[in-house]
Every structure is written in C-alpha cells, then in structure tokens.
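The structure under discussion appears below in the form of structure tokens.
The values are calculated or read from the model by the stated rules, or taken from the named source; none is laboratory data. Because the structure is predicted, anything quoted here is derived from the model rather than measured. Every residue, glycine as well, gets a Cβ built from its backbone with ideal geometry; the counts of neighbours run over all protein chains shown. Heads up: the accessible areas ignore ligands, DNA and RNA and are worked out on the full protein's heavy atoms, side chains in. Shrake-Rupley method; radii C 1.70, N 1.55, O 1.52, S 1.80 Å.
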Amino acid sequence: MGEILIAGMASMLICIFLGPKFIEYLRVREFGQHIREDGPQEHHAKAGTPTMGGLIIFASICVPFLVLSDRDASALAVFFVALGCAALGFADDYIKIIKRRSLGLSGRYKLLGQLVLSLFLWWVARHSVGLEPRLYIRIGGGSIYLGPVLYFVLVFLVIAGTSNGVNLTDGLDGLAAGSCAIVLLTYTAIAFVANGQRDLALLGCCLVGACIGFLWFNAFPASIFMGDTGSLGLGGAIGAMAVMTQTEVLLIIIGGIFVIEALSVLLQVFSFRTFRRRIFLMAPLHHHFEMMAWSETKIMLRFWIIAAVCSGIGFTLYQHSIGH
C-alpha cells in the first residue's frame, strides 16, 4: 500500500514541478488552443492558451510506474493502451496547432488507432492475463459468455467509447481532469482492495496523482489545457482498466459523467436531424449550462459531485457482486 501512495504522490509532484517550464515552453512556441467559431462566446477569450498538457500528465506517470511496479502484464497493457491513445490525441493536437484550426486528425484515423490498441489489449487479456471472454453483469450477478470475437468487439467499444467520452467532457477548465481523477480513484480501489491487482492499482494511483497535479494549472482560470493528448489518453486508461478488472458494464455507472456528456451529444444530433429541433441550448451538456449563464466553476463542481456519486454507486455495486 505504501508504494502505491508514494507512486501517486510522486506523479503529482512531478506534474506540479514540470508544469511552469512546460507552459512557458508552449507559450514561446505559440502552441495555443484554437476555439470553435460556434462555441460559447466566453471561450473565445481562451484562444491561445497553451494546450497538449496531456504530455506532462503522462510524463509524470511514466517514471513512478516503471520504477515502482513489478510490470505485470495487465498493468503494462493498460499503460501502453493509455500511451497509445495519448499518441493519437497528440497527433490530433499537433495538426490543429500546425494548421491553426479547431479540427485535427480525421475521425477514421482515430478509430483505426483505437481498433489497433483494442486488438492489443484483447490479445493481452486473453493470452497473457488469461481473462475469460465473458461479460460480467455485476448488477444482480451473472455473466454472459461472448466468445473471442464478440469479446474483442466489447473491448473496442469500451476503449473507443471511454476515450471519446472523456474527450467530449474536456470542454471546461478542470472538468475532465477532476472527473478522471475521481473515476480513476475508484478503479484504483477496485484493483487493490477488491482484486489484489497491486500493479494495476499503482498505475491507477499514478494517474490520479498526475490528474491532481495537472489541476494545479488547469483549474479555472486555466493556464494550460490537456488537449486531446490528455483526454484520449486518460479515457483509454479508464477503458483499459475496466477491461482488466472485468467491470465493463459497471463502467457505465462509474464513468456516468462521461456517459451523460456523450448521450447529450447523441440526443442533440438525433433530435436535430430527425425533428430539426435541439434538445439542449448547446451540446455537450456542460455547454448547455454555460448558455444558461452558469459559471464555469459552478458547472465544474456540480459535475464533479455527479462523478463522485456515480463512482461511489459503482464501487458499492462491485463490492456487493464479489461478496456474493
């Protein structure tokens, strides 16, 4: 337990230490955020704020994890999937910066990258870790045998869905970083307390520490944004941890805040294309509340509370399922 806490603290302190120099470097290179023209008017004042902060998040994780872990297969798989998703996000951020636009890497290339990473995670889960190709319900017990092919489809949906869900949530200062810290803390507890997966818990704690360290600079008013480098990477880590703890169904509850944000976009698109009417003033949901004149801090704190409640319910359900 001591090493797990030390790893988390180390990640947090490394992130806080690296932050000022990295932010200054990005400012000098003019690696700033480009804001969507159709976004909330208040966001246009944020144009030029340094982005790609996900780089310091994952730089802060690498050293404590690689030094203190035993590098077991499940933890390494989650680590490499997270880095792979972060690399996709970095490509997206870099294209936005170089071409000075709000659209980066094509969606098809993102999905292709996520498909390859899912294949890697599926292979490790099946052949190195020895997980059965089952979908564990965890709510009321029971499981469904999927077989190798459907299990791969499940892994892909989890990785793609979670990484894109976190990406959609990353629209306000501190919102995604704080929500990810809460969800990852829950997965750290599941890995260590319930499953005895020490290395996976250590990685989870590193991720939590790095998110908290990043919040030092990302909380309102943000000095830096995590960009797709951070949001896709953290989303990939959450999804991969769900696969390795066999909590894919519970992820819908534990990561409820990301599900809510993604659903708001899907409902908005469906309603507009079908009925030519919008359900929300703007999607994702956090922008709807911005348009209602809620402050960023108010939205952030209330969404964190929702994330904490969802995570608490999910962890309780998990504990109940293994108790039976």
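In the range 79-151, how does Rg compare with the Kirkwood Rh, expressed as the Rg/Rh ratio over alpha carbon atoms?
Details: Rg = 16.8 Å, Rh = 14.5 Å.
Dividing the radius of gyration by the Kirkwood radius yields 1.16.
Looking at the P(r) of the range 189-244, how many percent of alpha-carbon pairs lie beyond 16 Å? Intermediate values should be presented prior to the final figure.
Working: 761 of 1540 pairs.
Considering the range 189-244, 49 percent of its Cα-Cα pairs are separated by more than 16 Å.
With every protein chain left in place, what is the accessible area of residue 294 in Å² (1.4 Å probe, nearest 10)?
Probe radius 1.4 Å; accessible area of residue 294 about 60 Å².
In degrees between 0 and 90, to the nearest 10, how far off the longest principal axis of the chain does helix 54-68 point, with axes built from Cα atoms?
30 degrees
Beta carbons within 10 angstrom, averaged per residue: use that to sort the peptides 162-169, 23-30, highest first.
Numbers: 162-169: 27.0, 23-30: 13.1.
Descending packing order for the listed peptides: 162-169, 23-30.
If you take every residue apart from residue 110 with its C-beta less than 15 Å away from the C-beta of residue 110, what net charge results, scoring Lys and Arg +1 and Asp and Glu -1? Don't skip to the end; give the middle numbers.
Details: positive: 96, 108; negative: 92, 93, 170, 228.
Residues close to residue 110 contribute a combined charge of -2.
Can you give the accessible area per residue of the chain, in Å², using a 1.4 Å probe? Working shown, then result.
Values: 14390 Å² over 324 residues.
The answer is 44 Å² per residue.
Where does each of 225, 65, 272 land when they are ordered by accessible area, with a 1.4 Å probe and the largest first?
Values: 225 30, 65 0, 272 65 Å².
Putting 225, 65, 272 in descending order of accessible area: 272, 225, 65.
Normalised by the number of residues in the range 80-206, what is the relative contact order in percent for Cα pairs under 8 Å and 6+ residues apart? Write out the running numbers ahead of the final one.
On the way: 91 pairs, mean separation 18.6, N = 127.
Relative contact order here is 15 percent.
Need one value: the accessible area of residue 49 in square angstrom, 1.4 angstrom probe, rounded to the nearest 10.
Near enough 20 Å² of accessible area.
Quick one: compute the contact order of the chain, relative version, from alpha carbon pairs under 8 angstrom and 6+ residues apart, as a percent.
27 percent
Would you kindly calculate the translational diffusion coefficient of the range 92-202, applying Stokes-Einstein with the Kirkwood radius from alpha carbon pairs, for 20 °C and a viscosity of 1.002 mPa s, and quote it in µm² s⁻¹ without decimals? Could you put the intermediate results ahead of the total?
On the way: Rh = 16.5 Å.
Using the Kirkwood radius from Cα pairs, D works out to 130 µm²/s.
With a 1.4 Å probe and every protein chain kept in, tell me what percent of the accessible surface of the chain is carbon plus sulfur.
Details: 9680 of 14390 Å².
Ligands and nucleic acids excluded, carbon and sulfur reach 67 percent.
Restricting everything to alpha-carbon atoms, can you work out Rg to Rh for the range 143-291 with a Kirkwood hydrodynamic radius? Let's see the in-between values first.
Numbers: Rg = 16.4 Å, Rh = 16.2 Å.
Ratio of gyration radius to Kirkwood radius: 1.01.
What angle do you read, to the nearest 10 degrees and between 0 and 90, between the alpha-carbon axis of helix 147-169 and the longest principal axis of the chain?
Value to nearest ten degrees: 30.
If we count every other residue with Cβ under 14 angstrom of residue 8's Cβ, Lys/Arg +1 and Asp/Glu -1, where does the sum land?
Details: positive: 198; negative: 3, 199.
Result for the local shell: -1.
Helix 73-99: angle to the longest alpha-carbon principal axis of the chain, degrees 0 to 90, nearest 10?
20 degrees
Top to bottom by accessible area (1.4 Å), largest first, where do 220, 156, 79 land? Before the final figure, lay out each step's value.
Working: 220 110, 156 45, 79 10 Å².
Descending accessible area places them as 220, 156, 79.
Hey, if you drop one equal point scatterer on each alpha-carbon of the range 154-240 and run the Debye formula without solvent, what base-10 log of I(q)/I(0) do you get at q = 0.19 Å⁻¹?
Relative scattering, expressed as log10 I(q)/I(0), comes to -0.80.
Specify whether the C-alpha gyration tensor of the range 216-289 places it in the rounded, prolate or oblate class, a ≥ b ≥ c being the square roots of the eigenvalues: rounded for a/c under 1.5, otherwise prolate if a/b is larger than b/c and oblate if not. If you can, show how the numbers build up before the last one.
Numbers: a/c = 2.62, a/b = 1.24, b/c = 2.11.
It is oblate, given that a/c is not under 1.5 and a/b is not larger than b/c.
Cross-link candidates for residue 110: which aspartates and glutamates have Cα within less than 16 Å, leaving aside residues fewer than 8 places away along the same chain?
Residue 110 reaches 92, 93, 228.
Starting at 0 and stepping by 20 Å, how many percent of the alpha carbon pairs of the chain end up in each bin?
Pairs per bin, as whole percents: 34, 59, 8.
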